[in-house]
1. Say we look at segment 42-55 and pick out the residues that are in a loop (DSSP other than H, G, I, E, B) and open to solvent by less than 90 Å² (accessible area, probe 1.4 Å); which of these is farthest from residue 108 (Cα to Cα)?
2. Quick one: which residue in 81, 126 is open to solvent by 10 Å² or more (accessible area, probe 1.4 Å), part of a strand (DSSP E or B), in contact with a Phe, Trp or Tyr (Cβ under 7 Å, 6 or more places away or on another chain) and of a type in the set (A, V, I, L, M, F, W, C)?
3. If you go through segment 145-154 one residue at a time, do you hit one that is touching a Gly at 6+ places or on another chain (Cβ under 8 Å), within 20 Å of residue 10 (Cα to Cα), charged (D, E, K, R) and free of Cβ contacts under 8 Å to residues at least 60 places away in the same chain?
4. Of the residues that make up segment 58-65, is at least one farther than 15 Å from residue 132 by Cβ, β-branched (Val, Ile, Thr), open to solvent by 10 Å² or more (accessible area, probe 1.4 Å) and out of contact with any strand residue (DSSP E or B) (no Cβ under 6 Å at 6 or more places or on another chain)?
Amino acid sequence: MKKIGVLSDTHSHWDDRYAKYFADCDEIWHAGDIGDVTILERLQEIGPRVRAVRGNVDHGIVNRMAPELEIFEVEGIKVLLTHIGGYPGRWAPGMKRLLREEKIRLMVDGHSHILRVMYDKELGLLHMNPGAAGLQGWQKKRTILRFVIDDGDIRDCEVIELG
């Protein structure tokens with residue numbers, strides 16, 4: 001069993017509540033638009049494993065540290081983590097094909113600043129976008145996600161509002 005914390009679109013903004021809510025997570029995933037490299041460094045101080053992808057505003061050292069897309073497996077679930085991926089019914093160009101070919105069961109992205117947790121019946125996968133954790137953007141509420149992956153099962157999803 002792995003407890004996962006997910007955030008996106010921090011845009012260089014650190015909130016001490018990231019540490020509070022992710023303290024007991026086995027992995028922390030950042031779905032892009034990280035901003036300053038110190039965000040990744042501080043996340044690495046919290047969790048034993050941090051996975052991060054770059055977003056469209058990331059540059060410099062963050063761009064070199066974080067790939068555009070990462071595919072990995074956790075507890076029997078094949079995951080695709082990226083910044084711009086779309087969502088069920090409105091996938092980004094080429095994403096639907098990639099999700100199908102790679103047999104992805106969980107797709108996590110950011111970019112839109114819109115919190116979404118949706119199941120795609122056609123592809124048989126769960127899509128998650130944690131919304132935006134940072135201050136930049138038009139969103140009224142800042143959000144992050146926590147959930148559990150346990151032997152092929154995704155469960156106990158929590159939406160955490162940061163205000």
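1. It comes out as 47.
2. Only one candidate qualifies: 126.
3. There is no residue in segment 145-154 that is touching a Gly at 6+ places or on another chain (Cβ under 8 Å), within 20 Å of residue 10 (Cα to Cα), charged (D, E, K, R) and free of Cβ contacts under 8 Å to residues at least 60 places away in the same chain.
4. yes
This table checks each residue for (1) open to solvent by 10 Å² or more (accessible area, probe 1.4 Å); (2) assigned to a loop (DSSP other than H, G, I, E, B); (3) at pLDDT below 95.
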site	(1), (2), (3)
10	no, yes, no
14	yes, yes, no
21	yes, no, no
25	no, yes, no
35	yes, yes, no
40	no, no, no
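The values are calculated or read from the model by the stated rules, or taken from the named source; none is laboratory data. Only a predicted model underlies this, so the values are computations on that prediction, with no experimental measurement involved. Positions of Cβ are backbone-derived with ideal geometry, glycine not excepted, and every protein chain shown enters the neighbour counts. Heavy atoms of the whole protein, side chains included, go into the accessibility calculation; ligands, DNA and RNA do not. Shrake-Rupley method; radii C 1.70, N 1.55, O 1.52, S 1.80 Å.
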